[in-house]
Amino acid sequence: MTIKRRGFLFMGLGLGTAAHAARAAPKMTAAGVLNAAAGGDQTAALQAAIDEAAARKAPLDLPAGTFQTGMLTLREGSVIVGARGLTTLRFTGDGQFLRATGARGVQISSLTLDGGMRPVTGGLLALEACDGVLIAAVRVVNSSHDGITLTGCRGRVSASTISQVANAGLFALDSTLTIEGNTIAECGNNGVLVWRSSATEDGSQVVGNRIERIRADAGGSGQNGNGVNVFRAGSVTVSSNRITDCAYSAVRGNAVSDIAITGNHCQRIGEVALYAEFGFTGALIANNIVDGAACGVSVTNFNEGGRLAVVQGNLIRNLIRREQEPQDKRGEGIAVEADTLVSGNTIENAATCGILLGWGRHMRDVSATGNLIRGCRAGILISSDAGAGSALVAQNLISGARDGAIRAHERGRPFGPDLAKGAATMGRVTISGNSAN
């Protein structure tokens, strides 16, 4: 009897006869076809197994071992499961590794994708226009570009590890995702990017991740070096993440609307830890911990339309000045410009000031109430520019401010008397009920 190659391949997968297939469990195992010990390139066998499993609407189980492969294309409904910590696909090609376009229901779990730092376009795992995506317990390492790229996708990335990537750990463009419980480390430029091609609602959630050691190898003034960078994507939640050792920001929202940055724990951040900048409208920055940064929270760029924020209940301490910088030295706990409430925060040990209200004429309707400010060089600084708008400073407790509790400032330089004692209304600025010691 002559057995054709295709028939032999799937006999090895446990699906050689119709009778056997009827009795088999509703999944496929590639153990009979793929042998890691055999070595050599196994792209063709892997692709055939992926195609057949998708055609049969069956999950594909990959055995333990390290398999050398070039580009693999996932199909509609592809479900691939490895032995967690034991199954590795090692990239031996260049260009693209594991990819899919327009494939609904793609699920990848318990695999290691090792790019070997070979030339790759986008991410080692790159999905486009895929709905119902699930990436779970996947380890992505050694990418010469991104770890995972998701373009126009909807789904979830959870319990996965991405490390040793030259650019971004996870780049989501025009996608709506839940990114939860992952570890992302040792990235050349950014940890998680949630971007939109144009400003629109997004709704992604970045929750409960551990993000650490994010560099800015490509340079710039903040476009790189961020734990989480949200750009043009509206209604994004960044919550309960542990973010440490980032060259620029822990969380950076640029030109976003209705971003919520809550409950994050941030340490050793090189510039502004929590940032709402350029053309944003609406930011809630609440209940975060920042320990070590050049600035804890910045709500800025009123000159570009940046406005409307609540900064509340944050614990911020150990803010340093970067004296090596020709400008932008910082050392500020919280800095805001327009239509912003600053309330109930605790700020300690800021090298410039606890709270900075306005920058030049860029100040409108800001309120600093009920904050505790301890051991800062100055407590609260208020822009003195004649073109600035109104400010309310009330019921704050300021302790140990060496250069005054409440003073005017001109582009960061404090001057004039301490305004903390008593109540005062000076045109656009109202100061009342503060306690300074």
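The values are calculated or read from the model by the stated rules, or taken from the named source; none is laboratory data. Note that the coordinates shown come from a computational prediction; the quantities given were computed from them, not determined experimentally. Positions of Cβ are generated from backbone atoms using ideal geometry, with glycine treated the same way; all protein chains shown enter the neighbour counts.
Taking the stated definitions as given, is Arg118 surrounded by fewer than 21 Cβ atoms within 10 Å (Cβ to Cβ), over 21 Å from the mean Cα position of the chain (by Cα) and over 20 Å from Gly152 (Cβ atoms)? Answer is yes for this residue. Against the test of being in contact with a Ser or Thr (Cβ under 7 Å, 6 or more places away or on another chain), outside any strand (DSSP E or B), within 20 Å of Thr73 (Cβ to Cβ) and not small (Gly, Ala, Ser), the options Arg104, Arg99, Arg118 yield a single qualifying residue, Arg118.
Of the residues making up segment 219-229, at least one is in a loop (DSSP other than H, G, I, E, B), under 11 Å from the mean Cα position of the chain (by Cα) and touching a residue at least 12 places away in the same chain (Cβ under 8 Å). For segment 230-250, give me the residue count where each residue is assigned to a strand (DSSP E or B) and among the polar types (S, T, N, Q). Residues meeting the conditions: 3. Looking at Ile316, Ile214, Ile261, just one residue is more than 24 Å from Ile373 (Cα to Cα), without any contact (Cβ under 8 Å) to a residue 60 or more places away in the chain and buried (at least 19 other Cβ atoms within 10 Å of the Cβ), and that residue is Ile214. Of the strands (runs of 3 or more DSSP E) that lie entirely inside segment 267-341, those containing 1 or more residues that are hydroxyl-bearing (Ser, Thr, Tyr) span 272-277, 281-286, 295-299. Looking across segment 408-436, the residues that are more than 15 Å from Met363 (Cβ to Cβ) and of a type in the set (Lys, Arg) come down to Arg413, Lys421.
Only one of these is more than 23 Å from Val206 (Cβ to Cβ), in a loop (DSSP other than H, G, I, E, B) and modelled with pLDDT of 95 or more: Gly93, Gly85. Name it. Criteria check complete, one pass: Gly93. Taking segment 386-404 as the range and being surrounded by 17 or more Cβ atoms within 10 Å (Cβ to Cβ), assigned to a loop (DSSP other than H, G, I, E, B) and either at pLDDT below 95 or under 34 Å from the mean Cα position of the chain (by Cα) (or both) as the test, the residues that pass are Ala388, Gly389, Asn396. Ala283 satisfies every condition listed in (1) closer than 25 Å to Glu186 by Cα; (2) under 17 Å from the mean Cα position of the chain (by Cα); (3) crowded, with 24+ Cβ neighbours inside 10 Å except (1).
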